[in-house]
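Every number here is computed from the coordinates shown, using simple stated rules; none is lab data. Everything quoted here is computed from the prediction, not taken from an experiment. Here Cβ is always computed from backbone atoms with ideal geometry, including for glycine, and neighbour counts include all displayed protein chains.
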Amino acid sequence: MVDKTRKIFNPSGEHRVLVTRELPGARWLEIFEEAGCRVEICSSQEVMSGDEIRSEVGDHCDGVIGQLTEAWNEEIFSALKIAGVKVYSNYAVGYNNVDVEAATSCGIPVGNTPGVLTETTAEMAVTLTLAAARRVIEADKFTRGGKYRGWQPSMFLGKLLYRKTVGVIGAGRIGSVYGKIMVEGFKMDLIYHDIRRNETLEKYISDYSRFLTEHGEKPVACDYAGTADEVLARADVVSLHPVLDNTTFHLINAARLDLMKEDAVLINVSRGQVVDEAALVAHCRDHPSFRTGLDVYEAEPDMAPGLAGLDNAVIVPHIGSATGWTREGMAVLAACNVAAILRGYPAWRKTQNIDPFLGDDPPRAAPGIVNADELSIPYYRGD
Ligand code: DGY
């Protein structure tokens with residue numbers, strides 16, 4: 001049952017904005033105040049159902065910020081349209097929980113929060129990689145459990161990453177940063193797959209490789225793979241960073257896990273449904289030297305039976321973006337999306353850097369509108 005308590009900010013504001021959960025920081029509220037918005041914040045910790053969202057939106061509302069845990073479907077967008085909602089923003093960069101087509105046919109722009117999660121989420125993928133490869137969680141449990149009786153030559157042997165091959169599936173913002181950290185930090189060769197080649201990433205690695213050679217070190221390689229299968233077969237560590245859609249649902253299944261090296265490491269900080277979790281549990285059971293690190297789950301917050309009992313799995317609760325800076329930045333971008341559309345501002349191009357929105361004087365634009373083209377929203381040309 002949802003707690004109906006609601007916090008109201010700037011009650012005399014002319015535009016009514018509903019936010020389905022409390023967000024961190026104070027800057028996002030200032031942005032709404034500057035835009036003349038009254039902000040109603042639902043303070044429940046439970047995931048809101050469609051009925052509850054519709055009832056909170058009521059008869060009149062101008063803008064909404066929602067969570068990735070809520071399903072923003074056709075029924076909700078029709079209700080939003082009737083209530084006069086002019087813009088919806090997800091408090092997330094991913095928007096697989098939003099039926100963008102339905103929003104577009106209701107004429108509602110959909111916002112997301114790109115840019116501020118990149119390094120934070122890539123760092124979590126690196127954290128999981130190291131924790132899984134070097135068996136940190138198992139060793140921590142062992143030590144806390146009072147089992148450490150002294151140094152042993154063969155205790156908790158893990159996997160060396162240095163000069164091995166790292167695989168990235170989905171070389172967008174987060175996947176590229178993860179790949180670069182692994183190449184620069186551990187001098188790994190990179191093999192990546194994406195639907196399109198990432199020439200910027202390839203050039204970066206090739207320049208870095210030249211730098212290594214100039215300093216008397218062995219070079220590193222960067223290979224584009226035409227298929228995910230090739231990455232899985234060749235890499236020692238594979239990190240998943242694709243967008244979740246029909247083509248990437250269960251991209252990692254039993255057959256693809258079988259392509260991987262016996263002692264490979266598989267990391268997922270993208271979306272849980274990219275992996276057939278039951279197949280992964282079975283694979284981890286059958287291959288004790290295989291390791292996985294997961295931030296996301298197929299049916300969050302639930303996990304596949306057996307996953308929590310595996311020693312060769314490191315599992316954390318969808319905290320890839322959980323740093324104060326990022327979560328506050330996400331709130332700022334979501335607020336800028338809603339406030340900008342309510343003020344009739346244009347959209348920021350997807351390729352543009354969002355940093356200016358994090359300063360005191362944000363551009364007069366909506367930083368992340370995913371259906372701007374479909375709704376013919378003009379693009380920002382300068383203040
Ligand atoms: C997102 O924004 O899509 C992330 O999954 C939140 O951590």
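Numbers below:
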item	result
Spacing of the two label points (7 Å from each Cα toward its C-beta) at ASN353 and ASP245, in nm	2.8 nm
Contour excess over end-to-end distance, with Cα ends at ALA254 and ARG343 and 0.36 nm allotted per residue	27.0 nm
Efficiency of FRET from Cβ geometry, ILE195 and SER154, R₀ 45 Å, rounded to 0.05	0.55
Whole-Å semi-axes of the chain's equivalent ellipsoid (Cα gyration tensor)	40, 24, 19
Dipole magnitude (debye, nearest 20) for region 1-110, charges at Cβ of Lys, Arg, Asp, Glu	200 debye
Where labels lie 7 Å past Cα in the beta-carbon direction, separation of LEU212 and ASP302 in nm	4.5 nm
Residue exposure sequence - VAL168, VAL370 - by fewest surrounding Cβ within 10 Å	VAL370, VAL168
Within region 223-297: Cβ-based charge dipole about Cα centre, in debye rounded to nearest 20 (Lys, Arg +1; Asp, Glu -1)	120 debye
Cβ-Cβ FRET estimate between ASP140 and THR69, R0 fixed at 22 Å, reported to 0.05	0.15
Value of [θ]222 nm, deg cm²/dmol, for the chain, DSSP H segments ≥ 4, -39500 (n - 2.57) each, nearest 500	-10000 deg cm²/dmol
Cleavage-rule hits, GluC sites (Glu not before Pro), region 238-331, DSSP coil, Cβ neighbours within 10 Å at most 13	GLU262
Cleavage-rule hits (GluC sites (Glu not before Pro)) in region 175-255: DSSP loop, at most 15 neighbouring Cβ within 10 angstrom	GLU217
Approximate spin-label separation ASP229-ASP286, in nm, with each point projected 7 Å along Cα-to-Cβ	1.8 nm
Additional length obtainable on full extension of the chain from LYS203 to LYS81, 0.36 nm per residue less Cα span	39.3 nm
In region 1-86, the trypsin sites (Lys or Arg not before Pro) that fall in loop regions by DSSP, at most 13 other Cβ within 10 Å	LYS4
